[in-house]
Amino acid sequence: MQLSTKHLLGIRDLQPSDIQLILDTTSQFKEVLQRPIKKVPTLRDVTIVNLFYESSTRTRISFELAEKRLSADTINFTTSGSSVSKGETLLDTVNNILSMKVDMVVLRHSASGAPHFLAKHVPAAIVNAGDGINEHPTQALLDAFSIREHLGEIKGKKVAIIGDIMHSRVALSNIYLLKKMGAEVTVAGPPTLIPKYMKEAFDVRVEYNLKKALEWCDVANVLRIQLERQNQVLFSSLREYSLAYGVTKKILDSLDKRIMIMHPGPINRGVELDSDVADSKQSVILQQVENGVAVRMAILYLLSGGKAE
Amino acid sequence: MKTILNAQQLAITLQRLSHQILENHIDLENTVLIGIQPRGIYVSDRIVEQIKRQVTAEKIQYGKLDITFYRDDVRQGLHTLNQTDIPFTIENKNVILIDDVLYTGRTIRAALDALLDFGRPSKVELCTLIDRRFSRQLPIQADYIGKSIDSIITQKVKVFWNEKDGRDEVSLL
């Protein structure tokens, strides 16, 4: 039982059996996290570098905690105060770090494809912690684990992904994963934030009306409006976005069922998600964060020991 | 293939092991039973079944332990994970570890490490269905032994269980 891949670059490269294995392994690590001593010696001979070329709170802390809970040695690298500001290239930086006998690289980068590039040029196992507007595979896996935990299985479930589909790596990874695991997916948001040909390319439904999307789904994964990636004006104001696509308690109460609310964080409170929804029982946002550590432990464990080529 | 224990002998042996455990731990006072995943569970399930005839069910504290994360060969290929389920504290308890075959002792070494992450037991004992003598690589011995056998390294001891393999039998391959 091992993964069919040496790196975790994206959900696109995974087989359904890989996803199943990661989710099953996650359950075991979740149990470890409930123990009095939340730590196992499994990766004590492994050194992992966390390379974050882009800011992050949850993902970085979650990876670091996962590594520590597995007894791996960790090095944290952020661009500020490093040689990157002197103009060192990504490949040079990574090769220099690897020459100090580092086994795995966790990479977040603003350029789509950066981890794929590294995987081709360095011998270490690469874990993608988010690359540009391409993929964020660990987020999709923890979302899937949270869905499975709450609804029993992923197959046949209806998931609406709401918000900025165009710039969201979380959306893309989630779409790949949910389709591979047999769920139904609707993407919803303003037409300017949903790429053309979504339906043809990914076999997902496209919905421009928030209420209709919510009425259809079992799970709503509400995305963050990424203010840092809005260089063109794709909607007139945050207020307008919030009026048309903000998930509020009022709209949820008007549905005839109780849907599960997810959000990858950080939340723009009052924009895509109202505070009273984010903090309600319907929302599993903090459980998603909790599951994140277990999912990342499972991934690091599975990538560290396998002999797959 | 040589049969070491047939179904009837296996049943009698398991019964004896349960009685020996009860002899030393009357009413399982302050004592917990922990089976080692995956194949030790078949032994521990049977032993618990026997003990239930003597002791009221509420008094039996029975858990399952997976030792994959603690193995010393975890890097040499992935092992399938199993459920760990210890829904009680082992702090200051007598813990009886239960496994099917005691061979090199490395599994038990890992189990002892794993156990310590759940608390500090006052005493740990080991119950094994089959003890392969003279093949130990670590200084570990069992307190309750179903049957001791002398075997060479190229031989394999296989325990078959009705629940999984369709028959109860211990064989030397």
Restricting attention to region B:161-173, the residues that are surrounded by fewer than 18 Cβ atoms within 10 Å (Cβ to Cβ) and in a strand (DSSP E or B) number exactly 2
How many of the residues in region A:142-171 are under 16 Å from the mean Cα position of the chain (by Cα) and under 25 Å from residue A:245 (Cα atoms)? 18
Could you check, for region A:158-165, whether at least one of its residues is surrounded by fewer than 18 Cβ atoms within 10 Å (Cβ to Cβ) and part of a loop (DSSP other than H, G, I, E, B)? no
Sort out which residues of region A:28-45 are within 8 Å of another protein chain (Cβ to nearest Cβ) and either polar (S, T, N, Q) or in contact with a strand residue (DSSP E or B) (Cβ under 6 Å, 6 or more places away or on another chain) (or both), and write them in order of number. A:28, A:42
State whether the residues of region A:49-57 include one that is within 14 Å of chain B (Cβ to nearest Cβ), crowded, with 19+ Cβ neighbours inside 10 Å and of a type in the set (A, V, I, L, M, F, W, C). no
Looking only at region B:122-134, count how many residues are among the hydroxyl-bearing types (Ser, Thr, Tyr) and buried (at least 16 other Cβ atoms within 10 Å of the Cβ). 1
Any chance region A:192-205 includes a residue that's touching a Ser or Thr at 6+ places or on another chain (Cβ under 7 Å), at pLDDT 95 or above, assigned to a strand (DSSP E or B) and outside the structural domain of residue A:20 (by TED's automatic domain parsing)? yes
Which members of region A:46-69 meet the condition of being in a loop (DSSP other than H, G, I, E, B) and in contact with a strand residue (DSSP E or B) (Cβ under 9 Å, 6 or more places away or on another chain)? A:46, A:53, A:54, A:55, A:56
If you scan region A:258-309, which residues turn out to be within 24 Å of residue A:130 (Cβ to Cβ), free of Cβ contacts under 8 Å to residues at least 60 places away in the same chain and not in a helix (DSSP H, G or I)? A:261, A:263, A:267, A:268, A:269, A:271, A:273, A:283
For residues that are of a type in the set (Asp, Glu) and within 15 Å of the chain's Cα centre (by Cα), scanning just region B:13-72, find the one that is farthest from residue A:44 (Cα to Cα). B:49
Residue A:84 is checked against (1) outside any helix (DSSP H, G or I); (2) over 25 Å from the mean Cα position of the chain (by Cα); (3) surrounded by 14 or more Cβ atoms within 10 Å (Cβ to Cβ); (4) of a type outside the set (S, T, N, Q) and fails just one. What number does that condition carry? (1)
Taking region A:172-191 as the search range and keeping residues that are part of a strand (DSSP E or B) and in contact with an Asp or Glu (Cβ under 6 Å, 6 or more places away or on another chain), which one is surrounded by the fewest Cβ atoms within 10 Å (Cβ to Cβ)? A:186
Which ranges mark the strands (runs of 3 or more DSSP E) fully within region B:30-143 that have 2 or more residues being among the charged types (D, E, K, R)? B:94-102, B:123-133
Kindly list the number of the only condition in (1) surrounded by 22 or more Cβ atoms within 10 Å (Cβ to Cβ); (2) part of a loop (DSSP other than H, G, I, E, B) that fails for residue A:235. (1)
Complete set of residues in region A:142-157 that are crowded, with 22+ Cβ neighbours inside 10 Å and either of a type in the set (Gly, Ala, Ser) or touching a Ser or Thr at 6+ places or on another chain (Cβ under 6 Å) (or both): A:144, A:145, A:146
Which listed residue, of A:225, A:251, is part of a loop (DSSP other than H, G, I, E, B) and β-branched (Val, Ile, Thr): A:225
Mind counting the residues in region A:1-19 that are within 13 Å of another protein chain (Cβ to nearest Cβ) and either part of a helix (DSSP H, G or I) or within 11 Å of residue A:299 (Cβ to Cβ) (or both)? 2
Where residue A:73 falls short, out of the listed (1) over 21 Å from residue A:291 (Cα atoms); (2) touching a Leu at 6+ places or on another chain (Cβ under 7 Å); (3) charged (D, E, K, R): (2)
Of these, B:91, B:58, which one is at pLDDT below 95, within 14 Å of chain A (Cβ to nearest Cβ) and farther than 30 Å from residue A:20 by Cα? B:91
So, residue A:141, is that one in contact (Cβ under 8 Å) with a residue 60 or more places away in the chain, touching an Asp or Glu at 6+ places or on another chain (Cβ under 9 Å), outside any strand (DSSP E or B) and at negative phi or not? no
I need a count of the residues in region A:99-116 that are surrounded by fewer than 17 Cβ atoms within 10 Å (Cβ to Cβ) and either in a helix (DSSP H, G or I) or more than 26 Å from the chain's Cα centre (by Cα) (or both). 3
Would you check if residue B:58 is out of contact with any Pro (no Cβ under 9 Å at 6 or more places or on another chain), under 23 Å from residue B:119 (Cα atoms) and without any contact (Cβ under 8 Å) to a residue 24 or more places away in the chain? yes
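The values are calculated or read from the model by the stated rules, or taken from the named source; none is laboratory data. Model, not experiment: these values are computed from the prediction. Because the Cβ atoms are built from the backbone with ideal geometry, glycine has one as well, and the counts that use them run over all protein chains shown.
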